[in-house]
C-alpha cells in the first residue's frame, strides 16, 4: 500500500513538473564536452572540444530564438570544466533537460555514424563501457564521487524516500530513452543523414544529473568521410538543426502527455 501511495505521489510530482514546462520556458542545459587542456579526440586538424563547442553554439542560437526554451551552456569558451562541475551547474539551473555533445573516435577507421547514449539499468556492453571510461577519466576522484552521488545522506533515507527516489530515477531513464528515440526519428527521416543508433553507457554526466539527459556522439573524427563532413559549416548547422527539431518534438510530446493526464 505504501508503494502505491508513493508511486501516486511521484506521478503527481512529475505531472506538476510537466505542467510547469508546458506553461513556461523549457530549460535545456547544453554541455559541449571537453575543453581547455582536455581537447578530447583529435584527428588531423580537428579537435573534438572545438568542434562540439561550435555545434553547441549553433544549437544555442536556435533555441534562444524560440521563446518556449531557456538555454544554459556548461561552457561557452575553450576552457576546461570538470564533470562534477558540469553536473552541479545543471542541478543548480534546475534544468528540464541535459544534452551533452561529443565527437567519436575509433581504432577502426570504418566506424561511422551518430550515436545517442542514455543511462539505464541494463549492463552496458564492453564497447560502450570503454567509451564511457574514456570520457569519464579526465575528472573524478573519490571525494567528487562521494559528494555528487549523495554522500552519507543516502544512508539516512527511509524506505519511503528510497522508493520515491527509485521511481524518480526510473521515470528519468524512461524520459531519456524517449528523447533518444525522438532524436533517432529525426535522423531516420533524412535519407542523406549518417546512420544513427541508440546505446546506453554509464557516462558520468548523464548518470549523475537528476533530469532526463542524453549524450550525443555527432560522428567519428577517425572516419575520413565523416571528418570531412564535420569540418563543414553547413553540416555543422544541419546537425544543430536536427537536434533542435528533436527537442521541439520532445517538448511537444511532454506537453501533450501533461494535457492528456490533466483531463
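Go through segment 53-90 and count every residue that is over 22 Å from residue 230 (Cβ atoms) and buried (at least 16 other Cβ atoms within 10 Å of the Cβ).
12
Among the residues of segment 207-229, write down those that are farther than 18 Å from residue 27 by Cα, out of contact with any strand residue (DSSP E or B) (no Cβ under 7 Å at 6 or more places or on another chain) and buried (at least 20 other Cβ atoms within 10 Å of the Cβ).
223
Does residue 163 qualify as being modelled with pLDDT under 90, crowded, with 18+ Cβ neighbours inside 10 Å and over 23 Å from residue 83 (Cβ atoms)? Can you show your working first?
Numbers: modelled with pLDDT under 90: yes; crowded, with 18+ Cβ neighbours inside 10 Å: yes; over 23 Å from residue 83 (Cβ atoms): yes.
Criteria met by residue 163.
Tell me which of these residue 183 doesn't satisfy, since it passes every other one: (1) within 13 Å of the chain's Cα centre (by Cα); (2) modelled with pLDDT under 90.
Answer for residue 183: the failing condition is (2).
Among the residues of segment 192-206, write down those that are farther than 16 Å from residue 239 by Cβ and modelled with pLDDT under 90.
200, 201, 202 - these are the residues of segment 192-206 that are farther than 16 Å from residue 239 by Cβ and modelled with pLDDT under 90.
For residues that are farther than 22 Å from residue 109 by Cα and in contact (Cβ under 8 Å) with a residue 24 or more places away in the chain, tally how many sit in segment 216-237. Step through it out loud before you land on a result.
Applying the first criterion (farther than 22 Å from residue 109 by Cα) to segment 216-237 yields 233-234, 237.
Within this subset, residues satisfying the condition of being in contact (Cβ under 8 Å) with a residue 24 or more places away in the chain are 237.
Residues that pass the stated criteria total 1.
The values are calculated or read from the model by the stated rules, or taken from the named source; none is laboratory data. The shown structure was predicted, so the numbers you read here are calculated from the model rather than taken from an experiment. Positions of Cβ are backbone-derived with ideal geometry, glycine not excepted, and every protein chain shown enters the neighbour counts.
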